[in-house]
Amino acid sequence: MKDIYLPFIHDELWLVKETGFFSDLQAIRETQFSLGNGYMGIRGIYEEIPYDCKPGTYLAGVYDKMTSQVSELVNMPNPVYFKFTIEGEKLSLISMDMLEHKRILNMKKAVLARKTIYKDRKGRRYNYQSLRFLSLADKNIGAMQIMLTPLDSGCTLDVNTTIDTSVSNAGLLSEGRKRHFRIKELGEQNGFKYLIINTFEKKRTIIYWSRFYYQLGLKKIYKQDDIFRLKLKKGQSVVFTKIFYIKHFSYKENPAKEKKETHYAYKKAFNRSFSGLLNDHIYAWGNLWSKADMEIQGTERIQKNIRFNIFHMLICANFDGGFSSVGARTLSGEGYRGHVFWDAEIFLLPFYLYTIPEIAKNMLIYRYNRLNASREYARSNGFKGAQFVWESADTGREETPSWARNIDRSIIKIHTHEMEHHITADIAYAVYKYYLVTKDEKFMLDYGYELLIETARFWVSRIEYGKKKKRYQIKKVIGPDEFHINVNNNAFTNVMAKFNLLTACRMIRSLKKKPEQFSRIKRKLNIKDNEPRQWKEIASRFDLAVNKDKIIEQFDGYFKLKEVELTKTDENGIPLIPAKIKAKDLEKTQLVKQADVLMLLYLLNDVYGKELKKKNYDFYISRTVHKSSLSAPIHAAFAVEVQDLHKAYNFFNLALHTDISNVYGNTPDGIHAASLGGTWQAVVFGFAGVKLKKEILHIEPCMPRLWRKLKFNLCLQSCFFNLDLTNDDVFVKFSSKNTRSFKVCIFGKARSLSRRKKYHFKRSSAKGRSEEYY
């Protein structure tokens with residue numbers, strides 16, 4: 001008997017396993033076992049669509065608003081639909097007895113494999129196996145195989161497979177469930193089934209092609225009907241193979257031409273063997289993992305989980321000319337309606353920037369493509385330049401809903417889109433970091449300078465001059481800590497705005513050394529001669545409120561708020577807010593939702609000294625309740641910096657398990673993208689001690705004792721670095737087409753590396769550290 005499950009279960013450190021079926025975990029597993037290739041993502045549902053199943057098929061960047069408060073990522077028709085009945089009894093994990101059930105997400109090969117042994121009412125057993133993938137080699141293609149074998153006697157099998165159009169987007173608050181597309185055309189062409197749908201509001205066209213065949217032995221049988229009956233003998237295996245194709249188009253494009261071109265592309269793929277498509281897909285993933293993999297030797301659990309995080313970052317990233325970016329819940333669910341937040345630039349972009357910089361570039365071009373909308377948004381709010389929205393979808397217009405649930409499940413009015421303006425500076429920060437790491441001058445000329453200049457212009461108009469103190473200030477904002485709204489002079493917002501202004505000034509000054517290019521940018525943006533000077537002047541007159549103990553005040557009046565002692569934690573180590581404090585009263589306390597001042601010190605790491613960092617860490621760590629998945633990974637990296645290694649490892653483990661353990665209870669809504677990227681940063685910028693200071697790569701590991709070795713790759717200024725680290729050893733090698741030598745700083749000493757030569761640097765004196773708690 002052929003086994004389609006067995007070949008994918010042997011790479012133990014690359015496998016996420018499900019053993020047994022538990023209905024209360026079904027929605028969590030659907031998120032965790034999601035597949036994707038950047039263009040599309042499909043939740044890890046069971047093919048038979050059991051009760052409470054939440055099918056989700058999403059195309060990056062395809063949103064619609066009809067019947068919703070705001071635009072949301074469209075849940076498309078589900079191609080993963082295969083139902084079987086035997087003599088009226090449905091083969092399903094819920095309706096038939098299950099003797100054995102296993103599913104494997106093989107992250108190395110990006111396939112989802114399954115094996116289930118069923119027993120019907122008459123005691124007859126059936127071996128059910130399935131395999132599916134979304135091709136990385138051809139991003140419009142998905143493929144699946146199902147094998148069924150009656151083990152005890154022959155049977156009559158009823159088969160039902162289709163593209164399921166009954167799907168809908170989840171209902172939120174008062175909206176109820178809704179469907180964002182209508183069927184435009186449904187038909188068949190030369191044996192190939194097709195479905196054409198249009199989204200309601202944006203009228204975007206999506207074309208599906210689908211066909212399947214089944215094999216009894218070596219014979220392939222093509223069926224025109226989606227519903228048919230088949231007789232099987234005892235021990236006779238039938239293998240069903242389904243190949244589907246999905247592509248979206250603008251309403252402006254020619255429908256007849258689209259249909260013809262997609263039919264040709266699909267037919268070409270369908271005529272290939274399933275194994276050929278699978279092998280191309282696995283090969284493409286091999287190339288991707290060669291850039292992005294991270295090897296942590298010493299603990300199998302951590303190795304698997306870090307790969308789980310990286311896998312989910314890889315399946316949601318695309319190269320599409322800035323048509324899409326990465327949403328807060330990737331392409332694995334409908335949490336936050338698929339919107340793009342500051343998570344993309346601050347938490348996720350560093351991973352892509354140092355591994356696959358083309359994706360980081362795509363994310364920034366996404367913002368550039370919405371620059372005109374951001375200019376309009378600034379004008380509508382009475383500002384100049386470009387103001388980026390808090391929640392973005394396809395147009396660049398504000399998509400934040402007016403109402404949402406608070407942490408106590410009460411419904412509250414949302415103000416983030418009105419006041420959480422730091423996102424504009426966050427995007428400018430990401431542009432500059434992209435330039436430092438890549439030295440991509442063409443990107444800066446085509447996109448980067450314009451983004452920096454227009455965001456700087458926004459801050460000039462947003463900032464107010466305080467005549468009393470003769471200093472500039474920013475009023476009525478929300479910082480990363482969203483417990484406190486409508487505050488003045490949030491430290492994070494003020495300093496990031498200052499960074500934005502100074503960086504724009506510095507980059508324009510540098511560009512002036514290239515008169516032709518500077519002239520082009522100056523004409524395009526109508527840069528006045530005094531503008532950069534004005535940016536610098538304003539930036540120089542910002543106050544950062546620091547008390548005598550060197551604690552930065554998070555915002556005006558923060559120190560006067562009520563202090564709260566946090567004495568209890570949950571099973572994950574997250575502090576519990578005392579029961580007597582209601583959600584609506586949090587703003588009256590010093591409790592902090594997530595890293596705010598510490599987020600500032602983390603991002604501008606080389607600006608502030610160690611003593612100030614340590615004092616602020618000690619102060620704010622006792623006040624932070626980590627009610628966001630963004631918090632733990634940043635605290636992990638920061639804790640390494642200040643040598644609080646016990647907490648560093650605890651925070652890292654919390655972040656690492658965010659979705660594999662459903663820490664925040666909402667993994668069914670999709671993978672927490674920011675936590676994925678933040679956890680990678682905690683390893684690389686925290687435990688590995690990798691930092692870019694004054695454009696020099698610094699490496700000084702400070703890893704848990706159980707980690708015998710840490711291996712990963714970095715892409716920096718068109719050079720590809722292989723790093724192999726222990727706490728006292730750094731092995732490094734770089735390759736490059738153009739760069740012959742590269743300056744680095746390892747264990748605090750400047751070094752010069754020659755390309756293609758492997759170096760071994762040893763710490764001059766072993767650090768005496770107490771690590772019993774690791």
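The charge dipole of the chain, taken about its Cα centre with unit charges on the Cβ of Lys, Arg, Asp and Glu (plus for the first two, minus for the last two), comes to roughly 2160 debye. Take the Cβ atoms of residue 607 and residue 251, set R0 to 56 Å, and the FRET efficiency comes out at 0.70. Between residue 23 and residue 233, the C-beta separation translates, for a Förster distance of 30 Å, into a calculated FRET efficiency of about 0.35. A Cβ-based charge dipole, computed about the Cα centre of region 75-162 with Lys and Arg at +1 and Asp and Glu at -1, lands at about 360 debye. For region 263-355, relative contact order (Cα pairs under 8 Å, six or more residues apart, normalised by length) works out to 15 percent.
Full extension of the segment from residue 160 to residue 533, taken as 0.36 nm per residue of separation minus the current Cα-Cα distance, would add 127.3 nm. Computed from label points 7 Å out along Cα-Cβ, the spacing between residue 268 and residue 563 is 7.0 nm.
Only the Cβ atoms of Lys and Arg (+1) and of Asp and Glu (-1) were treated as charged; on that basis the dipole of region 1-139 about its Cα centre amounts to roughly 320 debye.
At a 1.4 Å probe radius, carbon and sulfur cover how many percent of the accessible area of region 552-594? C and S fraction of accessible area: 48 percent.
Exposure check, 1.4 Å probe, all protein chains in place: residue 720 carries approximately 60 Å² of accessible surface.
Largest accessible area first, the residues 358, 482 order themselves as 358, 482 under a 1.4 Å probe with ligands, DNA and RNA left out. Each helix, a run of at least 4 DSSP H residues, gives -39500 (n - 2.57); summed and divided by the residues of the chain, these come to -8500 deg cm²/dmol at 222 nm.
If you take the Cα centroid of region 346-394 and the Cα centroid of region 132-176, the two points sit 35 Å apart. Comparing region 3-50 with the 2.2 N^0.38 Å rule of thumb, its C-alpha radius of gyration ratio is 1.28 (two decimals).
Once both labels are positioned 7 Å from their Cα atoms along Cα-to-Cβ, the gap between residue 415 and residue 66 label points is 3.6 nm.
Between the residues 116, 607, 674, the greatest Cα displacement towards the positive end of the dipole of the chain, with unit charges on the Cβ of Lys, Arg, Asp and Glu, is found for 607. Taking the Cβ-Cβ separation of residue 320 and residue 297 as r and a Förster radius of 35 Å, what is the calculated FRET efficiency to the nearest 0.05? Between residue 320 and residue 297 the formula returns 0.45. On full extension, the segment bounded by residue 407 and residue 220 gains 61.8 nm, given 0.36 nm per residue less the C-alpha separation.
Within the full protein context, the accessible area of residue 17 is estimated at about 100 Å² for a probe radius of 1.4 Å.
Roughly how many whole Å is it from the C-alpha centroid of region 655-716 to that of region 719-754? So the two Cα centres are separated by 20 Å. Surface listing: 109, 757 arranged by accessible area from highest to lowest gives 757, 109, probe 1.4 Å.
Considering only 515, 262, 765, the residue lying farthest towards the positive end of the dipole of the chain is 515, judged by Cα position with unit charges set on Cβ. Only Cα pairs under 8 Å and 6+ residues apart enter the sum, and on that basis the relative contact order of the chain stands at 11 percent.
Summarising the overall dimensions of region 470-549 from its C-alpha atoms, the Rg and Dmax are 16.1, 50 angstrom. For residue 726, the solvent-accessible surface with a 1.4 Å probe is about 30 Å², rounded to the nearest 10. Per residue, the convex hull spanned by the Cα atoms of the chain amounts to 176 cubic angstrom. With respect to the chain, whose longest principal axis is taken over its alpha-carbon atoms, helix 610-621 is tilted by about 60°.
The values are calculated or read from the model by the stated rules, or taken from the named source; none is laboratory data. These numbers come from a predicted model, not from an experiment. Glycine also receives a Cβ, built like all others from the backbone with ideal geometry; neighbour counts cover every protein chain displayed. The accessibility values were calculated without ligands, DNA or RNA, using every heavy atom of the protein model including side chains. Shrake-Rupley method; radii C 1.70, N 1.55, O 1.52, S 1.80 Å.
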